[in-house]
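The values are calculated or read from the model by the stated rules, or taken from the named source; none is laboratory data. The structure displayed is predicted, hence computed values, not measured ones. Every residue, glycine as well, gets a Cβ built from its backbone with ideal geometry; the counts of neighbours run over all protein chains shown.
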């Protein structure tokens, strides 16, 4: 249905894609796999002709019998949304915040002149119902900020399929979503392919997602396709070294020799955290939302404890409480038997977004030394900065550089160096590897395992990713709606979950079929 | 929505009360006898005493404050010492010029700024954009009285289209009135339009980079449709803020332009009140302007909520 031959793309003279060739057949799910920067998104944007300014393409992309790369902008406007639909990664920002969802879906029909206003609204309601947002439950008059991330992605899908396009391009459609929501959205996309007979081009970095979805896949690296074929065959053969590397990294298990003691390091006893909600009436009592509900656990010295849960389960609030940044309404949190306080040098934190947590105007030396603000600059500060950078696999000379000179994985290493600078005993890792590519993530996990062994660190690992929990934790807590619903050794919880919620989480996580893993 | 409006209303009422206390304190309570100040150095004690009684300066401070506020609430702004007429009448007379002038200038400013700002954003980084940015830079830098004199020179002296100044009064008819206000309104509007166009341009450029614009383009909207249909309304918040500030400024800040064109406006009234030491006029007109600014702020707050549903907080 679409045949791409020798697609080459440069932006302001920088080569981005080289000789990309593939074809997508009617009614199939076509997976495009690669790490960030491999060019998979720009391949899709080339087909849509929605490239950034300064882009130069060559090659051909034959859709039916026309070449998408040579169509006029006016002709492309007629094709986009009608023949080819597209959805993007970030459901939180993909919708216009000041327009109702009904209007946004109806707009697809109106802009193509396929329906009048009344009819377009009616079709919008039908399409929203098809994607799981029936108007009786989610009225068309809702605004995006009144919906959850998963619901917003459903709206984006309804917009893209309003005119029943023959090709739907989905660029990392579930990367920003929780596992259970991800499973629902993937099932919806698969159902649409079956019911509507359209083709789906699924772009993702997640091998497990394509394994369960795609009929055929291509693997991209540095702007080129390195391997392609039916999904099962690619997974079983792994003929290209890069594919093998990706595959190995996706369920990488670092070498760990945990030295867990019986010494209680961090104790949370009956912790409760309430948030005030907006008042309903002017003088009434403000209602509260219980984000953390009577949570008790103990993290032993040298242990790596996982805390899993979906967004909204209260795990980030709990992390902030551990750091002494959230006042508790009941219960207490003890570090070495004494109440925790904010800025304690014995406890440090690493967050998800390495770039957002650094001031871009300071050099790395100053960024890494930030925790000294709370404990005073030691006389050997420079030596300790050099030591911390060496510990995380960087060099002391990196101290003079700025943060934008580093890649995402290196930035997360710098964040870890910043945490190590106070010689802490406990590190809280809040989704610390979630934003990293699989191969980078494998390296960072190795680093964390190594540091733990070397310094006898305790880790509190907060994540929604069960692979990460499996890789790096000894014990795991499962959190749902502010409560710990299950607790136990990681292996036991993941292989024989007792609580139905844990079972749902594990079932929802996409996995590569076991029979495809049988190669050394 | 109602909750939001009520909260904004209460907060602004509070600002109004605080402002009234500050104005009252500055003019009446601060050391120095207002009556002696108004009459000058050579006044006899008897005259001063008479004026004090006249102004209601006898009595406790809270009682005088309440009397002043109570008077204003019932429409009694006191009597001007120099004009010997109620301040309310004076202000009403001046507002007939200042209010239409401000509205006229604001309308012109918006009508100029909207297309210009949109054009600059749509042609970002091209010659049109650079041209507009240069022109608006000039519009901000050049003082408006210079524009005013230029306009008089060209359109009143070289071309006899407009009169060089004065105001015939609305009794002369709508058209002569508007005609007399046209050149002053243009002179006031040009710098305002330049600021507004630049704010709109940068707000639009920022929204054009948002993910939902890409989504709109993927639905099949052209660049222009995405700009008009999605970017414009999202770029409105900063524009509304500037518009509100500009209206408040235009109401009283037109002093220089009113002088250039000999217009009997509010700005000149304050100016005369200050030079003639007519504290009753100054006090009341200042309070009235504070009220106008706060009322405009309230309207702008309501406009925010109309433009952005996230501010309404239904639940």
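For the range B:233-255, what are the residues that are within 12 Å of chain A (Cβ to nearest Cβ) and either surrounded by fewer than 22 Cβ atoms within 10 Å (Cβ to Cβ) or free of Cβ contacts under 8 Å to residues at least 12 places away in the same chain (or both)?
Here is the first cut: in the range B:233-255, the residues within 12 Å of chain A (Cβ to nearest Cβ) are B:233-237.
Selection gives B:233, B:234, B:236, B:237.
Residue by residue, here is whether (1) at pLDDT 90 or above; (2) within 14 Å of chain B (Cβ to nearest Cβ) holds:
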{"position": "A:109", "(1), (2)": "yes, yes"}
{"position": "A:112", "(1), (2)": "yes, yes"}
{"position": "A:118", "(1), (2)": "yes, no"}
{"position": "A:121", "(1), (2)": "yes, no"}
{"position": "A:129", "(1), (2)": "yes, no"}
{"position": "A:142", "(1), (2)": "yes, yes"}
{"position": "A:145", "(1), (2)": "no, yes"}
{"position": "A:148", "(1), (2)": "no, no"}
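When the range A:42-68 is limited to residues that are in a loop (DSSP other than H, G, I, E, B) and surrounded by 15 or more Cβ atoms within 10 Å (Cβ to Cβ), the one that is nearest to the other protein chains (Cβ to nearest Cβ) turns out to be A:50. Pairs linking a residue in the range B:2-26 that is under 14 Å from residue B:68 (Cα atoms) and within 14 Å of chain A (Cβ to nearest Cβ) to a residue that is at pLDDT 90 or above and in a helix (DSSP H, G or I), with Cβ atoms under 7 Å and 6 or more positions apart or on different chains, do not occur. Of all residues in the range A:81-98, those satisfying the criterion of being more than 7 Å from chain B (Cβ to nearest Cβ) and surrounded by fewer than 24 Cβ atoms within 10 Å (Cβ to Cβ) are A:83, A:89, A:92. Would you confirm, using the coordinates I've provided, whether residue A:296 is over 30 Å from residue A:33 (Cβ atoms), surrounded by fewer than 14 Cβ atoms within 10 Å (Cβ to Cβ) and touching a residue at least 24 places away in the same chain (Cβ under 8 Å)? For residue A:296, the condition - over 30 Å from residue A:33 (Cβ atoms), surrounded by fewer than 14 Cβ atoms within 10 Å (Cβ to Cβ) and touching a residue at least 24 places away in the same chain (Cβ under 8 Å) - is met. Restrict the check to the range A:69-80 and report whether at least one residue is out of contact with any strand residue (DSSP E or B) (no Cβ under 6 Å at 6 or more places or on another chain), facing chain B (nearest Cβ under 9 Å), outside any helix (DSSP H, G or I) and touching a residue at least 24 places away in the same chain (Cβ under 8 Å). Scanning the range A:69-80, I find at least one residue that is out of contact with any strand residue (DSSP E or B) (no Cβ under 6 Å at 6 or more places or on another chain), facing chain B (nearest Cβ under 9 Å), outside any helix (DSSP H, G or I) and touching a residue at least 24 places away in the same chain (Cβ under 8 Å), so the answer is yes.
Only one of A:218, A:234, A:209 is surrounded by 19 or more Cβ atoms within 10 Å (Cβ to Cβ), assigned to a helix (DSSP H, G or I) and touching a strand residue (DSSP E or B) at 6+ places or on another chain (Cβ under 6 Å); which? So the residue among A:218, A:234, A:209 that is surrounded by 19 or more Cβ atoms within 10 Å (Cβ to Cβ), assigned to a helix (DSSP H, G or I) and touching a strand residue (DSSP E or B) at 6+ places or on another chain (Cβ under 6 Å) is A:234. Would you check which residues across the range A:464-520 are part of a helix (DSSP H, G or I), under 25 Å from residue A:258 (Cβ atoms) and out of contact with any strand residue (DSSP E or B) (no Cβ under 8 Å at 6 or more places or on another chain) and list them? Hits for the range A:464-520 are A:467, A:470, A:471, A:491, A:492, A:495, A:506.
Residue A:187 falls short on exactly one of the conditions (1) free of Cβ contacts under 8 Å to residues at least 24 places away in the same chain; (2) within 14 Å of another protein chain (Cβ to nearest Cβ), and that condition is (2). A single entry from B:277, B:228, B:312 fulfils the requirement of being within 14 Å of chain A (Cβ to nearest Cβ), more than 30 Å from residue B:157 (Cα to Cα) and modelled with pLDDT under 85: B:312. Going by the conditions given, is residue B:216 more than 12 Å from every other protein chain (Cβ to nearest Cβ), touching a helix residue (DSSP H, G or I) at 6+ places or on another chain (Cβ under 9 Å), surrounded by 20 or more Cβ atoms within 10 Å (Cβ to Cβ) and over 20 Å from residue B:120 (Cβ atoms)? Against the criterion (more than 12 Å from every other protein chain (Cβ to nearest Cβ), touching a helix residue (DSSP H, G or I) at 6+ places or on another chain (Cβ under 9 Å), surrounded by 20 or more Cβ atoms within 10 Å (Cβ to Cβ) and over 20 Å from residue B:120 (Cβ atoms)), residue B:216 does not qualify. The number of residues in the range B:131-174 that are closer than 30 Å to residue A:53 by Cα and surrounded by 13 or more Cβ atoms within 10 Å (Cβ to Cβ) comes to 5.
Residue A:30 meets the conditions (1) more than 14 Å from chain B (Cβ to nearest Cβ); (2) free of Cβ contacts under 8 Å to residues at least 60 places away in the same chain; (3) under 26 Å from residue A:149 (Cβ atoms) in every case but one. The failed one is (2). Summed over the range B:201-213, residues that are without any contact (Cβ under 8 Å) to a residue 12 or more places away in the chain and facing chain A (nearest Cβ under 7 Å) total 1. Of the helices (runs of 4 or more DSSP H) entirely within the range B:214-285, those holding at least 2 residues that are under 19 Å from the mean Cα position of the chain (by Cα) occupy B:236-253, B:255-260, B:266-275. Report yes if residue A:177 is over 24 Å from residue A:243 (Cβ atoms) and in a loop (DSSP other than H, G, I, E, B), otherwise no. Yes, satisfied. crowded, with 19+ Cβ neighbours inside 10 Å and either more than 14 Å from every other protein chain (Cβ to nearest Cβ) or in contact with a strand residue (DSSP E or B) (Cβ under 6 Å, 6 or more places away or on another chain) (or both), is that true of residue B:263? When the stated conditions are applied, residue B:263 passes them.
When the range A:421-434 is examined, which residues are found to be touching a helix residue (DSSP H, G or I) at 6+ places or on another chain (Cβ under 7 Å) and surrounded by fewer than 23 Cβ atoms within 10 Å (Cβ to Cβ)? Selection gives A:422, A:430. Restrict the check to the range B:183-200 and report whether at least one residue is within 14 Å of chain A (Cβ to nearest Cβ), at pLDDT 90 or above and crowded, with 21+ Cβ neighbours inside 10 Å. Within the range B:183-200 (the criterion being within 14 Å of chain A (Cβ to nearest Cβ), at pLDDT 90 or above and crowded, with 21+ Cβ neighbours inside 10 Å), the answer is no, since none of the residues qualifies.
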